[in-house]
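The values are calculated or read from the model by the stated rules, or taken from the named source; none is laboratory data. Note that the coordinates shown come from a computational prediction; the quantities given were computed from them, not determined experimentally. Note that each Cβ is placed from the backbone with ideal geometry, even for glycine, and that neighbours are counted across all protein chains shown. To get the accessible areas, we keep the full protein, side chains included, count just its heavy atoms, and leave off ligands, DNA and RNA. Shrake-Rupley method; radii C 1.70, N 1.55, O 1.52, S 1.80 Å.
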Amino acid sequence: MEGVNSVAIRRGKILLIAGILLVLIDQVIKILVKSYIPIGEQIDVFSWFKLCHVENMGMAYGVKFGGMVGKVFLSVLRIVLVAILVRWMWKLLKRGTPANPDAEPVSMGVLVGLMLITAGAVGNIVDSLYNGTFLLGSVVDMFQFPLFNWPDWVPLLGGRLFFEPVFNFADSCVTVGAFYLIIFHFRFFSKESK
């Protein structure tokens, strides 16, 4: 059983290091964008990829709600959700160890997906805590992929960009983690809900 416990500890360390690395990458990208691209400006890397500097007061992909009260609520909600995710990942890591020998161990894939979501949320929390007034700070967004314009004859979308939102590395971590879990680990969550 001691070997099982050391496996859980090693997996936990790998997840922690990977999560910290993702948050650092996110913060370095945001610092570089703030240092070299003026707010509201953009650099056309390719016709389908732009680097921008947008100060986002809302959620991922520029979604906003509720003014200042909504911003504080969103910041607090992010912090609470990260605490819940960290606690849940800790419980999942302990499955199959001497602390929880009856539970079946969880695949590393599930933990990686949860770590991606957690790291992305932490990256945006850091911005909202320190990029302006405490809990009211903006989140720096920089990536835009305007792949093509919808043809004018398409109802409601005609003439608009196919993918207009500007987002950041942390948003990508959350999105990739969520889709990864939905696509590859749906069975785990359906089993957990039972």
Inset, instruction - Using only Cα positions of the stretch 98-194, each an equal point scatterer, no hydration layer, compute I(q)/I(0) via Debye at q = 0.16, 0.17, 0.21 Å⁻¹ and quote the log10 values to two decimals. - result: -0.87, -0.91, -1.01
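If r is the Cβ-Cβ distance from W88 to I20 and R0 is 22 Å, what FRET efficiency results, to the nearest 0.05? All intermediate terms of the calculation are to be shown ahead of the outcome.
Values: r = 19 Å, r/R0 = 0.84.
My answer for the efficiency is 0.75.
Calculate the tail of P(r) for the chain: the fraction of all Cα-Cα distances greater than 30 Å, expressed in %. If you can, show how the numbers build up before the last one.
Values: 6078 of 18721 pairs.
Here the tail beyond 30 Å accounts for 32 percent of pairs.
Once whole DSSP H runs in the chain are found, which of them have Cα atoms spread over 20 Å or more along the helix axis and a mean Kyte-Doolittle score of at least -0.5? All intermediate terms of the calculation are to be shown ahead of the outcome.
Details: long enough: 2-36 (51 Å, 1.15); 67-93 (38 Å, 1.67); 108-130 (32 Å, 1.61); 169-184 (22 Å, 1.81).
Helix filter hits for the chain: 2-36, 67-93, 108-130, 169-184.
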Legend entry - Within the chain: Cβ-based charge dipole about Cα centre, in debye rounded to nearest 20 (Lys, Arg +1; Asp, Glu -1): 680 debye
Legend entry - Gaussian network model of the chain, springs between alpha carbon atoms under 10 Å - residue of L81, L22, L111 with greatest fluctuation: L81
Legend entry - Theoretical gain in end-to-end length, T133 to L32 [0.36 nm per residue, Cα-Cα removed]: 34.3 nm
Legend entry - Computed lengthening from Q42 to L81, 0.36 nm per intervening residue step minus Cα-Cα distance: 10.8 nm
Legend entry - Heavy atoms of L77 accessible to a 1.4 Å probe, total area in Å² rounded to 10: 70 Å²
Inset, instruction - Determine the gain in length on full extension of the stretch I183-L156; use 0.36 nm per residue of separation and subtract their C-alpha separation, reporting nm with one decimal. - result: 6.8 nm
